[in-house]
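S.K.: Below you will find the structure I want to go over with you.
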Amino acid sequence: MRTSIVRSVQSAVARSSSSSSSTYVCARAYSSDSVPERKVAVLGAAGGIGQPLALLMKLNPLVSKLSLYDIAGTPGVAADVSHINTRSEVSGYAGEEHLGKALEGADVVIIPAGVPRKPGMTRDDLFNINAGIVKSLCTAIAKYCPHALVNMISNPVNSTVPIAAEVFKKAGTYDEKRLFGVTTLDVVRAKTFYAGKANVNVAEVNVPVIGGHAGITILPLFSQATPKANLSDEDIKALTKRTQDGGTEVVEAKAGKGSATLSMAYAGAIFADACLKGLNGVPDVVECSYVQSNVTELPFFASKVRLGKNGVEEVLGLGPLSDYEKETLESLKPELLSSIEKGIKFASQS
Amino acid sequence: MESISSDVKQRLARISAHLNPSPNLQVEENWVLSGENCRAKGGSPGFKVAILGASGGIGQPLAMLMKMNPLVSVLHLYDVANTPGVTADISHMDTSAVVRGFLGPQQLEDALVGMDLVIIPAGVPRKPGMTRDDLFNINAGIVKTLCEGITKFCPNAIVNLISNPVNSTVPIAAEVFKRAGTFDPKRLLGVTMLDVVRANTFVAEVLGRDPREVDVPVVGGHAGVTILPLLSQVKPPCSFTPKEIDQLTDRIQNGGTEVVEAKAGAGSATLSMAYAAVKFADACLRGLRGDSGIVECSFVASQVTELPFFASKVRLGRTGAEEIFSLGPLNEYERAGLEKAKKELATSIEKGVSFVRK
């Protein structure tokens with residue numbers, strides 16, 4: 001399903017130009033008549049991730065209404081994006097007093113809001129600021145669009161998803177099938193790094209990534225990667241580490257100017273697109289995501305999930321793991337559990 | 001397992017691409033297999049694209065979208081600051097374009113060598129109250145330097161110029177290229193696509209239609225009254241009241257200002273500009289690939305009016321803007337607008353040309 005967001009962007013780009021000689025097979029796949037109305041809200045739309053994410057969602061033909069919310073800056077972003085000649089109607093909302101309007105009727109809510117890491121920081125260091133932001137946004141979601149699919153990007157995801165769950169439980173609106181921690185960027189990174197090492201076309205690569213969304217809690221399952229390649233144990237270890245530290249790689253390269261924004265927007269748009277396809281009844285939409293899960297003894301865990309009209313239709317199992325992966329899995333559980341508990345504690349205290 | 005249908009779709013797309021090769025391959029009998037015309041068989045299909053100003057407000061989302069474009073095999077990101085960060089970020093995206101970052105003038109050469117297409121968003125944006133012309137002093141110098149690099153390191157590349165004021169920076173680029181003896185009018189294209197995008201959106205709104213179904217030609221230049229939407233030539237054919245024509249023309253001409261004001265000092269259009277730039281760059285790449293019938297509006301060296309440069313529909317092909325279309329029938333309102341546009345455009349062109357000559 002991943003290639004189709006690239007094609008949907010391509011067909012948005014190639015469409016409505018007066019030439020019609022694009023050879024992309026899917027150029028005519030999106031007829032405006034048969035596609036359901038879908039409202040997508042982006043909370044944190046004026047930020048480093050939010051802006052390119054808003055752009056990509058504006059290009060997505062599955063979106064009929066795009067609601068951009070932030071505490072400031074959104075009128076400008078909305079005016080900018082609203083000029084793009086694609087289907088969706090854009091509205092910008094700035095300030096908490098407009099959050100309700102921004103959320104009403106949303107089918108999918110994407111939350112990139114919050115502060116990014118600086119060099120030397122872990123995702124957990126962001127906890128204090130971002131936990132509070134996530135809590136108030138989720139309180140509003142429970143009130144104004146309790147059935148929306150929530151795509152949580154705000155770090156540390158390992159904790160903010162449990163925070164969201166607690167807020168929804170308190171409000172009596174919690175549906176574990178509709179709350180997702182976005183781990184797609186880890187999958188994107190795993191695929192890219194694997195393709196480079198194995199010297200294969202990245203468009204053909206599939207690698208599941210399980211666990212969580214921070215450092216060693218990120219577990220790419222290269223033993224299940226396709227197409228198969230004869231990588232040494234050293235290579236696998238190096239690829240695993242690089243995938244785990246991918247975010248830090250960008251934080252360091254940006255030298256204080258922020259963390260991954262463009263690749264995060266890209267990954268966020270892929271996952272939101274998968275959610276929309278699932279809602280629209282497209283079969284076999286499978287993506288990795290951090291969700292409430294019975295796959296391990298931890299209450300939340302990332303693995304492949306099948307998406308459908310209710311959000312998570314099925315949490316898929318981990319599949320066969322290599323010895324190295326089994327080891328790594330055990331070693332990540334304590335950190336993941338502690339992040340989950342930190343989130344739950346924060347939410348129940350206030 | 002990953003969805004079966006997406007694998008099938010990918011295979012279908014690949015097979016279909018083989019079954020529908022570029023028609024021009026058979027037609028061109030004296031197709032010369034020189035360096036720039038040869039696309040290696042079995043090699044990664046795709047073009048080499050450089051973005052000059054890749055760390056800026058337009059450059060970053062532009063880089064993200066070009067990294068997603070399957071026609072791009074190599075993507076070079078150049079700027080005077082922050083490119084390592086943007087490059088690291090984008091390089092993680094799981095698409096096949098190879099990304100490289102270049103920082104500072106000493107790396108401009110490596111950024112440009114071998115490029116097929118160079119997109120230039122570099123420069124400063126407007127603040128409320130400013131016209132695009134107010135940017136002239138800073139941006140003229142930037143464009144001149146970058147174009148000097150192009151003449152040395154990739155003189156045959158197609159150039160997509162975004163840096164404002166486009167009405168002047170395109171003539172500046174032309175002068176720099178002429179001085180170096182590398183000017184090819186087919187390969188220097190001022191990007192006016194955002195005016196077309198805006199026109200399509202605003203007209204569709206008035207008509208109550210999906211913007212993807214509307215096509216409005218926009219000619220002239222890329223600033224205020226030099227932007228001339230030809231509402232009489234809209235597809236699908238429709239008519240407007242005189243009031244609608246006034247309002248639409250005004251809104252299209254001031255679309256950029258609309259965003260500058262809404263951003264209240266935080267910048268000008270970045271996301272919609274990135275989108276429009278990619279739409280236009282993609283058309284250039286499809287033309288380079290040999291696709292037929294690729295027609296887009298662009299500000300180019302032109303004989304369509306008495307002015308040396310003018311935006312109108314051009315047909316993009318393997319050598320750039322291979323055919324420039326005349327304006328077609330204009331109604332009275334449009335003819336009056338044209339005269340007004342030409343006056344201001346002539347001044348802006350002169351200003352650009354003099355800047356290089358002095």
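S.K.: At a probe size of 1.4 Å, how large is the accessible area of B:L288, to the nearest 10 Å²?
M.R.: About 30 Å², rounded to the nearest 10.
S.K.: To continue, here is another question. Anything over 32 Å Cα to Cα? Flag those among A:K257/A:K277; A:K135/A:K277; B:K67/B:K186; A:K257/B:K67, in the order listed.
M.R.: A:K257/A:K277
S.K.: Using a simple spin-label model with points 7 Å from Cα along the Cα→Cβ vector, what separation in nm is obtained for B:F325 and B:V98?
M.R.: 3.8 nm
S.K.: Percent of Cα-Cα pairs more than 14 Å apart in the range A:167-207, please.
M.R.: 59 percent
S.K.: I would also like to ask the following. Post the alpha-carbon centroid distance, the range A:156-191 to the range A:92-130, in whole angstrom.
M.R.: 13 Å
S.K.: Further, regarding this structure: Can you report the principal axis dimensions of the range B:278-342 using only the alpha carbons, biggest first, rounded to whole angstrom?
M.R.: Projected onto its principal axes, the Cα set of the range B:278-342 covers 39, 21, 20 Å.
S.K.: Pick out which of A:L43, A:L179, A:L231 has the largest mean-square fluctuation in a Gaussian network model of chain A, springs linking Cα atoms closer than 10 Å.
M.R.: A:L231
S.K.: At 1.4 Å probe size, with no ligands or nucleic acids counted, give the accessible surface of A:R306 in Å², nearest ten.
M.R.: Around 80 Å² of this residue is reachable by solvent.
S.K.: Separate question: Need the full-extension length gain, A:E89 to A:S136, defined as separation in residues times 0.36 nm minus the C-alpha distance. One decimal, nm.
M.R.: 14.3 nm
S.K.: Counting only protein chains, not ligands or nucleic acids, how are A:H147, B:H76, A:H98 ordered by accessible area (probe 1.4 Å), most first?
M.R.: A:H147, A:H98, B:H76
S.K.: Just want to confirm a number: the relative contact order over the range A:191-240, from Cα pairs under 8 angstrom separated by 6+ residues, in percent.
M.R.: Over the range A:191-240, the number comes to 33 percent.
S.K.: For the range A:47-121, what value does the Rg/Rh ratio take when both radii are computed over Cα atoms and Rh is the Kirkwood radius, given to two decimals?
M.R.: Result for the range A:47-121 is an Rg/Rh of 0.99.
S.K.: If you take the square roots of the eigenvalues of the alpha-carbon gyration tensor of the range B:235-358 and sort them as a ≥ b ≥ c, do you get rounded (a/c under 1.5), prolate (a/b over b/c) or oblate?
M.R.: Verdict is rounded for the range B:235-358.
S.K.: So which residue, out of A:G319, A:G48, A:G278, gets the largest mean-square fluctuation from a GNM of chain A using Cα contacts under 10 Å as springs?
M.R.: A:G319
S.K.: Rank A:F193, A:Y69, A:I84 by how far each Cα sits towards the positive end of the charge dipole of the protein assembly as shown (+1 on Lys, Arg Cβ; -1 on Asp, Glu Cβ) and give me just the farthest.
M.R.: Checked the options; the winner is A:I84.
S.K.: In addition: On average, how many beta carbons from a partner chain sit within 10 Å of the beta carbon of a residue in A:51-57?
M.R.: 4
S.K.: Still on this structure, I have one more. Kirkwood Rh, the range B:174-310, all Cα pairs: how many Å?
M.R.: For the range B:174-310, inverting the mean 1/r across all distinct Cα pairs yields 16.3 Å.
S.K.: Of B:A269, B:A174, B:A336, which has the largest mean-square fluctuation in a 10 Å C-alpha GNM of chain B?
M.R.: B:A336
S.K.: Can you tell me, using C-alpha contacts under 8 Å and at least 6 residues apart, the relative contact order of chain B as a whole percent?
M.R.: RCO, chain B: 16 percent.
S.K.: When N is the residue count of the range B:91-152, what does its C-alpha Rg come to as a fraction of 2.2 N^0.38 Å?
M.R.: Rounded to two decimals, the normalised Rg is 1.41.
S.K.: How would you classify the range B:112-214 from its alpha-carbon gyration tensor, with a ≥ b ≥ c the square roots of the eigenvalues: rounded for a/c under 1.5, else prolate if a/b is greater than b/c, otherwise oblate?
M.R.: Taking the square roots of the gyration eigenvalues as a ≥ b ≥ c, the range B:112-214 is oblate.
S.K.: With every protein chain left in place, what is the accessible area of A:C145 in Å² (1.4 Å probe, nearest 10)?
M.R.: So the heavy atoms of A:C145 present about 10 Å² to solvent.
S.K.: So, one more: Please work out the C-alpha center-to-center distance from the range B:158-228 to the range A:265-282 and express it in whole Å.
M.R.: What the calculation gives is 33 Å, centre to centre.
S.K.: Could you give the alpha-carbon Rg of the range A:133-254 over 2.2 N^0.38 Å, rounded to two decimals?
M.R.: 1.26
S.K.: Continuing with this model, one more query. Give the residues of the range A:63-97 whose amide nitrogen is closer than 14 Å to a point set 7 Å from the Cα of B:E258 in the direction of its Cβ.
M.R.: Zone members listed by number: A:76-86, A:89-92.
S.K.: Another question, then. Checking a compactness column here: for the range A:254-332, what do you get for Rg(Cα) / (2.2 N^0.38 Å), N being the number of residues?
M.R.: Compared with the compact-globule rule of thumb, the range A:254-332 sits at 1.33.
S.K.: Okay, moving on. Within the range B:121-137, list the residues whose amide N lies under 16 Å from a label point set 7 Å along Cα→Cβ of B:T145.
M.R.: In the range B:121-137, the label zone of B:T145 (backbone N under 16 Å from the point 7 Å along Cα→Cβ) covers B:121-125, B:136-137.
S.K.: Which aspartates and glutamates have a Cα less than 19 Å from the Cα of A:K169, not counting those fewer than 8 places away in the same chain?
M.R.: In chain and number order, the partners are A:E341.
S.K.: Kindly flag which residue pairs out of A:K118/A:K254; A:K254/B:K263; A:K191/B:K48; A:K241/A:K326; B:K127/B:K340; B:K235/B:K313 have an alpha-carbon separation exceeding 18 Å in this structure.
M.R.: A:K254/B:K263; A:K191/B:K48; B:K127/B:K340, as the Cα separations exceed 18 Å there.
S.K.: On average, how many beta carbons from a partner chain sit within 10 Å of the beta carbon of a residue in B:269-280?
M.R.: So the per-residue partner count for this stretch is 6.
S.K.: Still on this structure: Which ³J(HN,Hα) values in Hz, rounded to whole numbers, follow from the phi angles of the range B:176-188 under the Karplus curve 6.51 cos²θ - 1.76 cosθ + 1.60, where θ = phi - 60° and Gly and Pro get x?
M.R.: In residue order, the calculated couplings are 4, 5, 4, 4, 7, x, 10, 5, 10, x, 6, 10, 10 Hz.
S.K.: Highest mean first, what order results for B:77-85, B:116-124, A:260-268 on Cβ atoms within 10 Å?
M.R.: Sorting B:77-85, B:116-124, A:260-268 by mean packing, highest first, produces A:260-268, B:116-124, B:77-85.
S.K.: Please average, across the residues of A:183-192, the number of beta carbons from any other chain that are within 10 Å of each residue's own beta carbon, and give a whole number.
M.R.: Mean inter-chain Cβ contacts per residue within 10 Å come to 3.
S.K.: Something else about it: Please work out how much length the chain gains when fully extended from A:L316 to A:I71, using 0.36 nm per residue of separation minus the C-alpha to C-alpha distance, in nm with one decimal.
M.R.: 84.5 nm
S.K.: For a label point 7 angstrom out from the Cα of A:K241 toward its Cβ, which stretches of the range A:205-235 have the backbone nitrogen within less than 17 Å?
M.R.: Under 17 Å, as judged by backbone N against the label point of A:K241, lie A:215-220, A:222, A:232-235 of the range A:205-235.
S.K.: Quick one: what are the phi-derived ³J(HN,Hα) couplings along the range B:208-219, Karplus 6.51/-1.76/1.60 with θ = phi - 60°, whole Hz, x for glycine and proline?
M.R.: x, 10, 5, x, 6, 9, 10, 9, 10, x, 10, 10
S.K.: Counting only Cα, what are the radius of gyration and maximum Cα-Cα distance Dmax of chain A, in Å?
M.R.: So, for chain A, Rg and Dmax equal 19.4, 60 Å respectively.
S.K.: Treating the range A:49-174 as a set of equal point scatterers at the Cα positions, no solvent, please give the Debye-formula log₁₀ I(q)/I(0) at q = 0.10 Å⁻¹.
M.R.: Evaluating at q = 0.10 Å⁻¹ gives log10 I(q)/I(0) of -0.32.
S.K.: Give me Rg over Rh for the range B:42-165, both radii from the alpha carbons and Rh done the Kirkwood way, two decimal places.
M.R.: Using Cα coordinates only, the ratio equals 0.98.
S.K.: Scattering from the C-alpha atoms of the protein assembly as shown alone, worked out with Debye: what is log10 I(q)/I(0) at q = 0.06, 0.07, 0.10 1/Å?
M.R.: Ignoring solvent entirely, the Cα scatterers give -0.33, -0.46, -0.94.
S.K.: Can you pull the one-decimal nm distance between simple spin-label points at A:K170 and B:E339, each 7 Å off the Cα toward Cβ?
M.R.: Between A:K170 and B:E339, the label points sit 7.0 nm apart.
S.K.: Compute the distance in nm between two label points, each set 7 Å from the Cα along the Cα-to-Cβ direction, one at A:H147 and one at B:N137.
M.R.: 6.0 nm
S.K.: Next question, about the same structure. Just how many % of Cα pairs in the range B:169-243 lie over 18 Å apart, if you round to the nearest whole percent?
M.R.: Value for the range B:169-243: 50 percent of Cα pairs lie more than 18 Å apart.
S.K.: By how many nm would the segment from A:K228 to A:A255 lengthen if fully extended, with 0.36 nm per residue of separation less the alpha-carbon distance?
M.R.: Length difference between fully extended and current span is 6.1 nm.
S.K.: Considering the options B:V219, B:I138, B:N331, tell which one lies farthest towards the positive end of the dipole of chain B, charges being +1 on Lys and Arg and -1 on Asp and Glu at the Cβ, about the Cα centre.
M.R.: Among B:V219, B:I138, B:N331, the one farthest towards the positive end of the dipole of chain B is B:I138.
S.K.: Moving on. Return, for the Cα atoms of chain B, the radius of gyration and Dmax in Å, separated by a comma.
M.R.: 20.3, 66
S.K.: Follow-up. log10 I(q)/I(0), Debye, Cα-only the range B:58-128, no solvent, q = 0.23, 0.27, 0.28 Å⁻¹?
M.R.: Log10 I(q)/I(0), no solvent term: -1.07, -1.41, -1.49.
S.K.: Once the convex hull of the alpha carbons of the range A:301-350 is built, what does its volume come to per residue, in cubic angstrom?
M.R.: Hull volume normalised by residue count: 76 Å³.
S.K.: Next up: Give the shape of the range B:240-312 as rounded, prolate or oblate, defined through the alpha-carbon gyration tensor: a ≥ b ≥ c are the square roots of its eigenvalues, a/c under 1.5 means rounded, and otherwise the shape is prolate if a/b is larger than b/c and oblate if not.
M.R.: In terms of gyration-tensor shape, oblate.
The values are calculated or read from the model by the stated rules, or taken from the named source; none is laboratory data. Every value quoted in this text rests on a predicted model; they were computed, and no experiment measured them. Note: ideal-geometry Cβ built from the backbone for every residue, glycine included; neighbour counts use all protein chains shown. Remember, those area values only see protein heavy atoms, side chains included, never the ligands or the DNA or RNA. Shrake-Rupley method; radii C 1.70, N 1.55, O 1.52, S 1.80 Å.
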